Each structure stands twice: as C-alpha cells, then as structure tokens.
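Please read the structure below before turning to the comments.
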Amino acid sequence: QVQFVESGGGLVQAGGSLRLSCAASGITFSRSAIGWYRQAPGKQRELVADISSVGRTNYVDSVKGRFTISRDNAKNTVYLQMNSLKPEDTAVYYCNSGYYRNAYYVGGAYWGQGTQVTVSS
C-alpha cells in the first residue's frame, strides 16, 4: 500500500537548520511528484514546496531562499533542507505524492504521520 514516512524534525533555535526526509513506498516514485506540507496549531495545512518527477521545484513565498526540496530516486526519498529557520516555521511537516493541474501541485489522499519541527526564538 502507499506509505510515507517523514523524519528529521526536532527542536532548533531560530537561525538554525534541519533536513527532513520523506521515504515513500507503494508508488512509482521516479514518476511521482512529491509535496511537503506543514500544519501549525490552529491553522490549515499548507503546501510548502513540491518537486516534479523531473526535478522542477516550487516554493511558497514564505520559505523561498531558505528551504530547498530535492529527491533521490534511488532511495525513493525526498528531502527538505530548511535553513535560517524562524519561529513561524514551527509546525508538523508532512509529505505526499500528487500531480500537477494547471501547473499547481495537487496532493493525493495518503499521508504519513508527520514530523514535528519546533523553532525557538
């Protein structure tokens, strides 16, 4: 079955860095677009970054220049390198696979358990 396992979260001071990993199974990974989302307490889940099967990337404005999404098809894994972290980046981070509709990423129905990122000021 389709499964996503997120890891790499933790507690970090503002200005610090973390690298999240998303290991996928049950999908044809090399042909799949993958998205990273986050959900802060009391807020809706938002798409942070996505990467196409050929490596094209998109970012929400609030993380441009600080976050980098990448993929390793040999390991069925997508990464999210997060630098210059801010307290407002605090959230549970999730990944899933999806597709593009009119150039916008549309996530699928399967989610992992997420990984908590906490940025202290």
Problem set entry | Number of positions in region 15-57 that are closer than 12 Å to F67 by Cα and of a type in the set (A, V, I, L, M) | 4
Problem set entry | Candidates I27, I34, filtered to the one that is under 22 Å from Y110 (Cβ atoms), outside any strand (DSSP E or B) and among the β-branched types (V, I, T) | I27
Problem set entry | Single unsatisfied condition, D89 versus (1) touching a residue at least 60 places away in the same chain (Cβ under 8 Å); (2) farther than 16 Å from Q113 by Cβ; (3) surrounded by 14 or more Cβ atoms within 10 Å (Cβ to Cβ) | (1)
For this session: Considering only residues that are open to solvent by 30 Å² or more (accessible area, probe 1.4 Å) and assigned to a helix (DSSP H, G or I), look in region 63-86 and name the one that is nearest to G10 (Cα to Cα).
Result: K75
For this session: Report, by residue number, each residue of region 1-17 that is open to solvent by less than 60 Å² (accessible area, probe 1.4 Å), part of a strand (DSSP E or B), of a type outside the set (D, E) and under 16 Å from T77 (Cα atoms).
Result: F4, S7
Exercise. Just checking, which of D61, D72, D50 is touching a residue at least 24 places away in the same chain (Cβ under 8 Å) and among the acidic types (D, E)?
Worked result: D50
Exercise. When you go through (1) open to solvent by less than 20 Å² (accessible area, probe 1.4 Å); (2) of a type outside the set (K, R); (3) within 14 Å of the chain's Cα centre (by Cα) one by one for V60, which number turns out not to apply?
Worked result: (1)
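The values are calculated or read from the model by the stated rules, or taken from the named source; none is laboratory data. In this text, all values refer to a predicted model and were calculated from it rather than measured experimentally. For neighbour counting, all protein chains shown are included, and Cβ atoms are generated from backbone atoms with ideal geometry for every residue, glycine included. Heads up: the accessible areas ignore ligands, DNA and RNA and are worked out on the full protein's heavy atoms, side chains in. Shrake-Rupley method; radii C 1.70, N 1.55, O 1.52, S 1.80 Å.
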